[in-house]
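The structure appears right after this line, and notes come after that.
Read-outs: derived from the displayed coordinates by stated rules, not from any lab. Not measured: the values here are computed from a predicted model. In this analysis, Cβ positions are derived from the backbone assuming ideal geometry, glycine residues included, and neighbour counts consider all displayed protein chains.
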Amino acid sequence: MVATTVDQIAKEYSESIKVVKVNTDENPSTATSYGIRSVPTLMIFDKGEKVDTVIGAVPKSTLENKIQKYLNKT
């Protein structure tokens, strides 16, 4: 449901961020280690540390606002 939005953001921000998708059905231990209980769950990492999480289908503008919040910190 949010795959198109995530793909758009990956393309638009390709010089600033790295977008990675993980299939939780194929990687249940990863889902467990990050406490993922609902799909979609989008996580933002800064320098390898999880700094934010967005759960559920949200508008592209919401994701962009979250990303900008962390891009503007550096």
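Tell me which residues, restricted to region 53-70, are surrounded by 15 or more Cβ atoms within 10 Å (Cβ to Cβ) and within 12 Å of the chain's Cα centre (by Cα).
Val54, Val58, Leu63, Glu64, Lys66, Ile67
For the condition acidic (Asp, Glu), at negative phi and in contact (Cβ under 8 Å) with a residue 24 or more places away in the chain, what is the one hit in Glu64, Glu12, Glu26? Full working, then the answer.
Details: Glu12 fails: in contact (Cβ under 8 Å) with a residue 24 or more places away in the chain; Glu26 fails: in contact (Cβ under 8 Å) with a residue 24 or more places away in the chain.
So the residue among Glu64, Glu12, Glu26 that is acidic (Asp, Glu), at negative phi and in contact (Cβ under 8 Å) with a residue 24 or more places away in the chain is Glu64.
Can Ile36 be described as farther than 18 Å from Ala10 by Cβ and surrounded by 13 or more Cβ atoms within 10 Å (Cβ to Cβ)? I'd like the intermediate steps shown before the answer.
Values: farther than 18 Å from Ala10 by Cβ: yes; surrounded by 13 or more Cβ atoms within 10 Å (Cβ to Cβ): yes.
Yes.
Please identify the pairs in which a residue from region 37-51 that is within 16 Å of Gln68 (Cβ to Cβ) has its Cβ atom under 8 Å from the Cβ atom of a residue that is exposed (fewer than 10 other Cβ atoms within 10 Å of the Cβ), counting only partners at least 6 apart or on another chain.
From region 37-51, the pairs are Asp46/Lys73.
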